[in-house]
Every structure is written in C-alpha cells, then in structure tokens.
Amino acid sequence: MNVKKFTAPTSREALRKVREALGPDAVILSNRPMDGVVEILALANDDAASLAQPAADTAPAMPELEIEDTYTPSPMMTPPQARPQPARPQPARPAAARSQPTQQQMQDAIKARMQAQMEAQMEAEAQANMEARAQARAQVRPAPGFAPAAPAVDMDRISAMVADAVNSAKANAAAEMSTMMTELRAMRGMMETQLAELSWGSSQQREPHKATVLREMLGAGFSATLAKMLIEKMPAGRSAEESLRWIRTVLARNLNVIANEDALIEKGGVFALVGPTGVGKTTSTAKLAARCVMRHGPEKLALITTDAYRIGAHEQLRIYGKILGVMVHSVKDEADLRIALKELRNKHTVLIDTVGVSQRDQMVTEQVAMLQGTDVDVKRLLCLNSTSTQETLAEVVRAYQGTGLAGAIMTKLDEAASIGNVLDVVIRQKLNLFYVSNGQRVPEDLHLAKPDELIERAFRSKKDVSQFSDSDLPMLMAAAGNNATREVYLG
C-alpha cells in the first residue's frame, strides 16, 4: 500500500493530479505549501478500505505505511495504531461484539481520523508561523520616542500600497495603450494620405478635366475639402467646361437664402446681431432698422445695445436711432435684457446690437447664454466678414453656433478680393444667408442674397490658377477630408 505525493504550483492543479491518478474517491492525507509549490499526500480509496479490514481475532490495527518519493511522515501524522504497542491478552468477547463493522463505516472512520490529523498539523504549522513572526517583530526595536502602530494601521498601509501599485499599473497600461493608439492612428493617416495621392494621381491621368475643375475651385477660394467632395460626385463623360458649369449649379443650389424679407421684416420678432469685433454689426443693425421703419413705421421698432465696453459704441447706434425716430435702450446683463424685452413686448420688431467679442474669448459663451436665457425667443444673426480666411470664419461659426443660428449676413463684400472662402463656410455649415452688405450707406448697401450672382462673382474674381501645379494637386486632395463637410445636395 502506497501513499502518493503530488506537487503542483497551485492547489487546484495538485488536486487535479490526485483525481487523475487515484480517482475522485482518494483520501487526502496532507496539503501544505513547500518551496513555492503545493504538496499533497493522498491515498487511494481501495488502500484506505484495506485499512478498515481487521484481523479475525485481534483488534483493528493500522499497518505501517510505505511512502513513495522518500517522504517520511511526521510523528503527528503517524496514527496511534501504527505505533508499537505491548501485547495484551485479549479478553473473550461474545460473537455479537466480535462482529465486524461494514466497510463503508470503516472508510468513514479512517477519513475522519485523517481529517483530524490534517487539521491538527495545520494548526501546529499556523502556531509555528505566528511564533516566528512574533520573534521577528521582537528583533526590530523602534527608535526612542517612536510609538509602534497598531496592526490595523499596518494592514491599512499594506492595503494602500497594494492599491497604489494597482493604480500605477493601470495608469502605465493606459498610457501605453494611448501611445499605441496614437501611433496606429498616425500610421493609418499616413497610409490613407499615400493611397489618396496615388488614387488622385491615377485619376488625374485618366480624367484631366478634374484637375482643371479643381484649380478653378481652389482659385475661387473654395476649400479642398468641398472641392474633393464635389469632384468625386461629378458626372463622368463631360468636358471641363460642362463639369465646371455643373459645379457652379450645385454650389448655387446649396446656398440657403431667403427669397424675400417676409421671414424677417414682415413676420417680425427679436433679432440679435452677433459676431467678432469690427465685422459691421452696428451698421447692419442700422440698415435693418431703416428697412423696418420704411415698412412699418418707427413706433413698431425698438433698438437695444449691449455694447457698454467700447467708448461711445452705444452713441453710434443712438445717432442712427435719432435719425430714424426710434428709441435705443442700453442693457448690461441678462437681467436688464429680460426687463427691456418685457417692456418692449408690444413692438413688432426688436433689433439687438451686441458687443463684439473674439471667437476665442470666453465671453462668447456668456453672450450666447445671455441671449438664450430670456423668456423671449431671440433669433441670432451671425455677421461674417468676407475678408477673413476660411479657418477664421470656421472658428467664428463654431464659437457662435450655440443651439443654432437663425441666419447669417455677409458683410464687407466690397472689401473682399475673393468671396469663395465665406461661401464655402456658409455651404458647409448649412447656414441660412439672409443679406449681403457691400458698403457703409444706410440702408442702400444691404441686399438680399442671390446665389447665382454670388457664385458667379466668386469664380470671376478667382486667383491665378497657375500657382497650383500638377504635382501639388495630389497632395492637396490627400490632405482634404470630408469629416467637416455636411451633406451637399447634388440635385
């Protein structure tokens, strides 16, 4: 009869080895960690059953165990029946007393005895470990005046150290993942750029009229993003002239304008002109006020200014109001604006001239919140400077967008060398273009927007297209993306 020894890195692995070797009914004799592994001593169920078969005329005795793998059982693990006992005369017992218990009862008794021995051994080992730790702590003497911390404090420190280690590992893993994703995105962008360059170069050779249309659009001031989107959807089999005519038609169709002034002058309401400093908000307000006075009279109109920052800024609007016979109200904050709008609720039209704020200033958000915080529906009209670049205009729209703009007014059209830049932003951002302003005269230099005339002017005043060489076009088309472009209606 053999006692088997099994070793594994974990208890689960060791128990699996026991089941594979001895079956699910094996008897576990001991289980202890040893040199970084788990050691289990086990006995087959049949061998344990044989221990339960006593001699016919003698008391049951535990036979000596033969242990493989040079394992020597400790005295604690040696059953008392296995130790040498002096021979004692056995008194005669009746036959009923000598009747042997069943095999299952003997197996249960052996398992219970083995379990008790294992528990005793584990308790002894735990006691020995506690004594060893106590001796180690006794050897570490604290410095004078140092009060040793309570065990609970030590556990808190250990828990804190473990938590710090886990958080540090998570942070390092997150940083590595972020770096990896950044590198993957960079590689993807590089591959997409190279593929786009190759694709456009091949397309340029097959369809040279696309390069002609692209040069015309870039020279007119339109972005490479919008040009790429339209050229990719351009019908095939057309000449350069026909393709350019199709491009102009699509651009004009995607300029959202008002057909007449009924949406503003006739319907009335509260309108606030917003935008950066110097885009012509006050002059545009005066032009709109003059149109309202000519249509409904001065008693149906009210003017409000929030520009209390610039010296004499509200005086300019007061002069326009005096000429038109309209009272101008000055407000400083949202509370004043709410009170003023409540007092002017019987007016047909109320025009608000706001203070000019840079699109990168935090005051833009505060101004939008002030206009939206009233109990009245204030429609915001964004003034766009036609002389600004596309990047600047795009920033202005994003800053003043808020929950939505009612419309836009193109200003300083007479000062712009090219207007494709502002038309590009209006088309891509799907803005409603109400008016265009091309001078300082009040109210003559304010006109309803006409898409065909604006697109024609953009291409008529285009730059020299020879500056865009064939080698530059693939790079421009590869760098252009469609993410910032909303859907364009092709018709």
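Rule-based calculations on the coordinates, nothing more; no lab input. All figures in this text were calculated on a predicted structure; none of them were measured in a lab. Methodologically, a virtual Cβ is constructed for each residue, glycine included, from the backbone with ideal geometry; neighbour enumeration extends over all protein chains shown.
Can you tally the net charge around LEU264? Count Lys and Arg as +1, Asp and Glu as -1, for every other residue whose Cβ sits under 14 Å from the Cβ of LEU264.
Taking every Cβ under 14 Å from that of LEU264, the sum is +3.
Once you charge only the Cβ atoms, +1 for Lys and Arg and -1 for Asp and Glu, what is the size of the charge dipole of region 256-448 about its Cα centre, to the nearest 20 debye?
I would put it at about 280 debye.
I'd like to know how region 338-379 sits against the 2.2 N^0.38 Å rule of thumb: what's its Cα Rg over that expected value?
For region 338-379, the normalised Cα radius of gyration is 1.30.
May I ask you to sort VAL355, VAL396, VAL368 by Cβ crowding, counting other Cβ atoms within 10 Å and putting the fewest first?
By the 10 Å Cβ count, ascending, the order reads VAL355, VAL368, VAL396.
Rounded to whole Å, give me the distance from the Cα center of region 1-46 to that of region 223-296.
84 Å
Extension gain THR277-MET34, at 0.36 nm per residue separation less the Cα-Cα distance, in nm?
79.5 nm
With viscosity set to 1.567 mPa s and temperature to 4 °C, compute the Stokes-Einstein D of region 325-400, Rh being the Kirkwood radius across alpha carbon pairs; µm²/s, no decimals.
Value of D from the Cα-based Kirkwood radius: 92 µm²/s.
Treat the count of other C-beta atoms within 10 Å as a stand-in for reagent exposure and order ASP424, ASP47, ASP377 from fewest to most.
The fewest-first ordering by Cβ neighbours comes to ASP377, ASP47, ASP424.
Using the Cα atoms of region 256-448 to build a convex hull, what is its mean projected area in square nanometres?
Its Cα hull, projected and averaged over all orientations, spans 9.8 nm².
Quick check on the exposure proxy: order SER418, SER11 from fewest to most C-beta atoms within 10 angstrom.
Ranked by crowding around the Cβ, least crowded first: SER11, SER418.
Of all DSSP beta bridges located in region 256-448, what percent are antiparallel, nearest 5?
Around 10 percent of the beta bridges assigned by DSSP in region 256-448 are antiparallel ones.
How high is the relative contact order of region 256-448, in percent, with contacts defined as C-alpha pairs under 8 Å that are six or more residues apart?
RCO, region 256-448: 28 percent.
Pulled fully out, how much extra length does the chain show between ASP375 and LEU448, if you take 0.36 nm times their separation in residues and subtract their Cα-Cα distance?
That works out to 23.3 nm of additional length.
Could you give the distance between the Cα centres of region 354-380 and region 388-453, to the whole Å?
The distance from the Cα centre of region 354-380 to that of region 388-453 comes to 19 Å.
Which of rounded, prolate or oblate describes region 213-355 when judged by the alpha-carbon gyration tensor and an a/c cut-off of 1.5?
Because a/c hits 1.5 or more and a/b exceeds b/c, region 213-355 counts as prolate.
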